[in-house]
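Undergrad: What follows is a single structure, and I will ask about it in a moment.
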Amino acid sequence: MMDRSCPGTVEPILEILDGKWTLLLLFELFNGTRRFGELRRKLQPISPKTLTDRLRMLEEKGIVRRTLYPGVPLHVEYELTESGQGLQPIFEAMWTWTQEYGAYLKEESYEMGVEGEKVNR
């Protein structure tokens, strides 16, 4: 049974994971430290502004660490903090759930019409 206060309790994590590209960005950072250009290439067609916004938000929340290396050219690397790494079980749980129920959801979406109503086959 879930605690009735659950929605309020998980709100902070929902704020972090909400937003286009955030899940994919975090997934990419689970694979290690990345430079801005690497992230941009991996997350095509994300815009530089959106990527910057997502990285800043994750940095402000303490999920991502930004390291600036002086020199010419200047380079910046992004990596998950300890609390960012702590999100990995959530992603593993989503993957497990998708393996179990994902095919069913795909079938359901194919059966839906343009208006969101079921189409008879």
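Undergrad: Could you rank PHE30, PHE36 by how accessible they are, 1.4 Å probe, largest area first?
TA: Sorted by accessible area, descending: PHE36, PHE30.
Undergrad: So what's segment 1-93 giving for Rg/Rh, alpha carbon basis, Kirkwood Rh from the mean inverse pair distance?
TA: When Rh is taken as the Kirkwood radius, the ratio is 1.03.
Undergrad: For an R0 of 41 angstrom, estimate the FRET efficiency from the Cβ-Cβ distance between LEU74 and ALA103 and round to the nearest 0.05. All intermediate terms of the calculation are to be shown ahead of the outcome.
TA: Details: r = 47 Å, r/R0 = 1.14.
Using R0 = 41 Å, I get an efficiency of 0.30.
Undergrad: At a probe size of 1.4 Å, how large is the accessible area of GLU15, to the nearest 10 Å²?
TA: 100 Å²
Undergrad: Calculate, in nm to one decimal, what THR9 and THR81 gain on full extension: separation in residues at 0.36 nm each, minus their alpha carbon distance.
TA: Gain on stretching THR9 to THR81: 23.8 nm.
Undergrad: Could you please report the charge total around PRO12, scoring K, R as +1 and D, E as -1 over all other residues with beta-carbon less than 13 angstrom from its beta-carbon?
TA: -3
Undergrad: Follow-up. Once phi is turned into θ = phi - 60°, what whole-Hz ³J(HN,Hα) does the Karplus curve with 6.51, -1.76 and 1.60 give for every residue of segment 44-49, x standing for Gly and Pro?
TA: 3, x, 4, 7, x, 5
Undergrad: In whole Hz, with x marking every Gly and Pro, tabulate ³J(HN,Hα) for segment 34-43 from phi via Karplus 6.51 cos²θ - 1.76 cosθ + 1.60, θ = phi - 60°.
TA: 9, 8, 4, x, 4, 4, 4, 5, 5, 9
Undergrad: Then there is this: Just reorder GLU59, GLU82 by solvent-accessible area, largest first, 1.4 Å probe, all chains present.
TA: From most exposed to least exposed: GLU82, GLU59.
Undergrad: Oh, and also: What FRET efficiency do you get for GLU92 and LEU23 if R0 is 22 Å and r is their Cβ-Cβ distance, rounded to the nearest 0.05?
TA: Numbers: r = 13 Å, r/R0 = 0.60.
So, using R0 = 22 Å, E works out to roughly 0.95.
The values are calculated or read from the model by the stated rules, or taken from the named source; none is laboratory data. Everything numeric in this text was worked out from a predicted model, so none of it was measured. Here Cβ is always computed from backbone atoms with ideal geometry, including for glycine, and neighbour counts include all displayed protein chains. Surface accessibility is based on the protein's heavy atoms, side chains included, excluding ligands, DNA and RNA. Shrake-Rupley method; radii C 1.70, N 1.55, O 1.52, S 1.80 Å.
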